[in-house]
Amino acid sequence: MEDTFQPAGLAVLSVDADRRGASGRFGMPLTFMDLRGQRRPDTPLPHVYSTARWKESRHGIATLPPEFLDDFHARFALGLRLPGVHATRTPTPDGSPAWWLATDTSWAYLCAGETFQWGPRDLAGEAEQARAGAAPVGTAGRQRGGACSCPP
């Protein structure tokens, strides 16, 4: 399964009385017209990953369980907090989930309490910080998040 976290969601916005801004909440998963600046569906991972870069990668301990990203609502929430980050789920040899996170300049591999990262961004750390602001799995989902469009 490849996705850019969860790029599909309906935002229901109400225009302010002065017509200078709008705000609202996300609703059901829905996509029918790409938004300007929407994440591309193709992952940059093949362009930034190589065996040589794996050998240069930083190894760390992950507190973000890969199973967390299996939840639609979790991916949607993290996608809002991690602009430009693409996610790809891959199984490990034992069948447990592992995730690749990638941008045009960095990648991270998260599996079973470990991370391997390469590039200037700390994608595993960013994902762990974003998780702190997301609802726990099984609680209020994407409807918990909202959007606001305000004048500069």
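The values are calculated or read from the model by the stated rules, or taken from the named source; none is laboratory data. Note that the coordinates shown come from a computational prediction; the quantities given were computed from them, not determined experimentally. Because the Cβ atoms are built from the backbone with ideal geometry, glycine has one as well, and the counts that use them run over all protein chains shown. For accessibility, only protein heavy atoms count, side chains too; no ligands or nucleic acids. Shrake-Rupley method; radii C 1.70, N 1.55, O 1.52, S 1.80 Å.
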Item checked: Members of region 85-102 that are open to solvent by 10 Å² or more (accessible area, probe 1.4 Å), in a loop (DSSP other than H, G, I, E, B) and touching a strand residue (DSSP E or B) at 6+ places or on another chain (Cβ under 9 Å) -> THR92, SER96
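Of everything in region 103-120 that's of a type outside the set (Ser, Thr, Tyr) and modelled with pLDDT under 95, which residue is most open to solvent (accessible area, probe 1.4 Å)?
Going residue by residue through region 103-120, those that are of a type outside the set (Ser, Thr, Tyr) are 104, 107-108, 110-114, 116-120.
From what's left, modelled with pLDDT under 95: 104, 110-114.
Details: ASP104: 103, LEU110: 2, CYS111: 18, ALA112: 83, GLY113: 28, GLU114: 66 Å².
My answer is ASP104.
Among the listed residues ARG58, ARG89, ARG81, which satisfies the condition of being of a type in the set (D, E, K, R) and at pLDDT below 85? Quick ask: steps written out before the conclusion?
Numbers: ARG58 fails: at pLDDT below 85; ARG89 fails: at pLDDT below 85.
Matching residue, one of ARG58, ARG89, ARG81: ARG81.
Please find, within region 121-131, the residue that is farthest from the chain's Cα centre (by Cα) out of those that are in contact (Cβ under 8 Å) with a residue 60 or more places away in the chain and open to solvent by less than 40 Å² (accessible area, probe 1.4 Å). Can you show your working first?
Our first condition is that a residue be in contact (Cβ under 8 Å) with a residue 60 or more places away in the chain; within region 121-131, this holds for 124, 127-128, 131.
Then keep just the ones that are open to solvent by less than 40 Å² (accessible area, probe 1.4 Å); that gives 124, 127.
On the way: ALA124: 11, ALA127: 7 Å.
Selected residue: ALA124.
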Notebook entry, point to check: Can you name the residue in region 16-45 that is touching a strand residue (DSSP E or B) at 6+ places or on another chain (Cβ under 6 Å) and at pLDDT 85 or above and is also least open to solvent (accessible area, probe 1.4 Å) among such residues?
Noted result: PRO44
Note to self: Which count do you get for residues in region 103-125 that are in contact with a helix residue (DSSP H, G or I) (Cβ under 8 Å, 6 or more places away or on another chain) and either not polar (S, T, N, Q) or not in a strand (DSSP E or B) (or both)?
What the structure shows: 12
